[in-house]
Amino acid sequence: IFRILDLPEPQQGTEILSGDGLSIHLQDVHFGYDEEREVLKGITLDIPVGSFVSLVGESGSGKSTIAGLLSGKNRAFNGNICIGETYLQNISEKSLMEQVTVIRHNSYLFKGTVAENLRMAKEDATDEEMIAVLKKVNLWDFMTMQKGLKTELLEKASNLSGGQCQRLALARGLLHNSKIYIFDEATSNIDIESEELIMSVIHELARTKSVLLISHRLSNVVKSDCIYMLKDGVIAEQGHHELLMAQKGPYQKLFDYQNQLEQYGKVAGA
Ligand code: ADP
Ligand code: MG
């Protein structure tokens with residue numbers, strides 16, 4: 001145990017992120033969870049301020065790993081990651097947490113009131129601020145039918161639907177008001193109304209923030225400024241939707257395949 005305690009602490013940065021907006025730049029980033037297998041094999045990508053960038057690719061291709069690197073979860077990578085003008089390894093943990101919000105498909109909601117859950121993002125949030133974000137995600141009417149901000153959630157918010165959980169997680173993310181937002185499959189496995197609402201809030205956010213959307217459903221990424229397609233740990237293709245469709249590569253194949261499935265679903269469901 002003493003030998004473990006004596007191990008050097010991972011180096012912590014001290015720089016504080018500042019500026020009106022924060023871009024993200026990855027340059028030739030390599031990363032593996034263990035030495036045997038590299039998961040990211042030289043990723044270069046850019047997320048300019050006020051842009052909406054999407055990351056797509058098969059399950060296991062490394063999308064969430066990139067989200068993990070950007071939120072400071074895994075710091076043992078090679079290559080460069082810059083947020084704004086600052087190298088990721090020099091940024092203080094606190095500043096990174098303030099400026100990067102990650103919303104996952106199963107964001108953690110705990111037993112307690114709605115207000116307590118929201119205040120995780122902003123300790124001193126006022127009732128007005130909390131109500132404003134709940135209205136934005138179309139949850140406030142539902143909450144007023146119960147106890148408003150004092151509505152009690154069960155463990156993992158099991159008394160809400162999947163779509164409501166995700167909208168509450170989004171409300172909490174909005175309250176955090178960071179400069180960077182990463183949505184990792186934030187609309188997976190939820191009802192279509194919730195999905196559409198979340199997508200419209202994401203599009204609005206992208207006007208002023210730097211937004212990275214990770215989605216396996218390509219219909220959600222069509223309007224992105226740039227789409228990166230990840231395959232086996234490298235960027236196989238990049239560009240906007242029309243360009244990638246014209247290229248007739250892996251993106252176009254996956255898009256047409258998903259489109260066909262959805263058309264089939266509509267016919268079968270009718
Ligand atoms: P995606 O989000 O694109 O589905 P991930 O980034 O989650 O893919 O995973 C990429 C690869 O890294 C997969 O092969 C996965 O098994 C592996 N991986 C993910 N998380 C871990 C972890 N914590 N430890 C070891 N391997 C992991
Ligand atoms: Mg993932």
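The values are calculated or read from the model by the stated rules, or taken from the named source; none is laboratory data. Given the structure is predicted, the values throughout are model-derived calculations rather than measurements. Note that each Cβ is placed from the backbone with ideal geometry, even for glycine, and that neighbours are counted across all protein chains shown. With ligands, DNA and RNA removed, areas are computed over all heavy atoms of the protein, side chains included. Shrake-Rupley method; radii C 1.70, N 1.55, O 1.52, S 1.80 Å.
Residue-wise HN-Hα couplings along segment 80-97, as the Karplus relation 6.51 cos²θ - 1.76 cosθ + 1.60 with θ = phi - 60° gives them from phi, are 10, 10, 10, 10, x, 9, 9, 5, 3, 5, 8, 7, 5, 3, 5, 5, 4, 5 Hz; Gly and Pro carry x.
Ranking Leu154, Val114, Ser92 by how far each Cα lies toward the positive end of the dipole of segment 85-154 (charges on Cβ) leaves Leu154 at the top. Between Lys156 and Lys122, the FRET efficiency estimated from the beta carbon spacing at R0 = 25 angstrom works out to 0.70.
What's the longest piece of the chain with no exposed chymotrypsin sites (Phe, Trp or Tyr not before Pro), counting a site as exposed if DSSP puts it in a loop and it has at most 13 other beta carbons within 10 Å? That gives 111-270 as the longest site-free run. Convex hull of alpha carbon positions in the chain: directionally averaged projected area 17.3 nm². For Lys147, the aspartates and glutamates whose Cα comes closer than 18 Å to its Cα, not counting residues fewer than 8 places off in the same chain, are Glu116, Asp127, Glu128, Glu129, Glu155.
Accessible surface for the chain, divided over its residues, is 54 Å² per residue with a 1.4 Å probe. Too long at a 19 Å Cα-Cα cut-off: which of Lys63/Lys135; Lys41/Lys94; Lys63/Lys111; Lys156/Lys179; Lys111/Lys150; Lys63/Lys94? In this structure, Lys63/Lys135; Lys41/Lys94; Lys63/Lys111; Lys156/Lys179; Lys63/Lys94 exceed 19 Å between Cα atoms.
Summing Cβ point charges (Lys, Arg +1; Asp, Glu -1) relative to the Cα centre of segment 145-270 gives a dipole of roughly 320 debye.
The loop-placed trypsin sites (Lys or Arg not before Pro) in segment 168-246, going by DSSP, that have at most 16 neighbouring Cβ atoms within 10 Å of their Cβ come out as Arg207, Arg217, Lys223.
Indicate the gyration tensor shape class of segment 163-270 (rounded, prolate or oblate), computed on the Cα atoms with a ≥ b ≥ c the square roots of the eigenvalues: a/c under 1.5 is rounded; otherwise a/b larger than b/c is prolate and the rest oblate. In terms of gyration-tensor shape, oblate.
Surface composition of the chain: carbon plus sulfur atoms contribute 51% of the solvent-accessible area (1.4 Å probe, protein chains only, all chains present).
Over segment 184-223, the pair-distance histogram of Cα-Cα distances with 5 Å bins from zero comes to 6, 23, 35, 27, 8, 1 percent, rounded to whole numbers.
Loop-resident GluC sites (Glu not before Pro) (DSSP state other than H, G, I, E or B) in segment 70-142 with no more than 16 further Cβ atoms inside 10 Å of their Cβ: Glu85, Glu123. Given a 1.4 Å probe and the protein chains as shown, His203 ends up with an accessible area of around 60 Å². With a simple spin-label model that places each label point 7 Å from the Cα along the Cα-to-Cβ direction, the separation between Val234 and Lys266 comes to 3.7 nm. A simple rule links phi to the HN-Hα coupling: the Karplus curve 6.51 cos²θ - 1.76 cosθ + 1.60 with θ = phi - 60°, which for segment 13-28 gives x, 10, 6, 9, 6, 9, x, 5, x, 10, 8, 10, 9, 10, 10, 6 Hz, with x for Gly and Pro. 3J(HN,Hα) couplings calculated from phi for segment 254-265 with the Karplus curve 6.51 cos²θ - 1.76 cosθ + 1.60 (θ = phi - 60°) are, in sequence order, 5, 4, 5, 4, 5, 4, 4, 4, 5, 4, 4, x Hz; Gly and Pro show x. Near the amide H of Val102, within less than 5 Å, lie the amide hydrogens of Ile182, all on another chain or at least 5 residues away, with H placed in the peptide plane. Across the options Gly173, Leu213, Val133, the greatest Cα extent toward the positive end of the charge dipole of the chain (unit charges at beta carbon of Lys, Arg, Asp, Glu) belongs to Val133. Computed about its Cα centre, the charge dipole of segment 1-95 is approximately 180 debye, with only Lys, Arg, Asp and Glu carrying charge at their Cβ.
Distant-in-sequence amide contacts of Arg119, defined by a placed amide H-H separation under 5 Å and a gap of 5 or more residues or a different chain, comprise nothing.
Between Arg37 and Asn106, full extension at 0.36 nm per residue minus the direct alpha carbon distance yields a gain of 22.2 nm.
If you plug the beta carbon distance of Glu204 and Phe2 into 1/(1 + (r/R0)^6) with R0 = 51 Å, you get a FRET efficiency near 0.45.
The simple spin-label model puts a point 7 Å past each Cα toward its Cβ; for Ala132 and Asn259 those points are separated by 4.1 nm.
This model, with +1 at the C-beta of Lys and Arg and -1 at the C-beta of Asp and Glu, gives segment 148-205 a dipole about its Cα centre of some 320 debye. Counting pairs of Cα atoms in segment 1-133, how many percent are more than 21 Å apart? I get 54 percent for the Cα pairs in segment 1-133 exceeding 21 Å.
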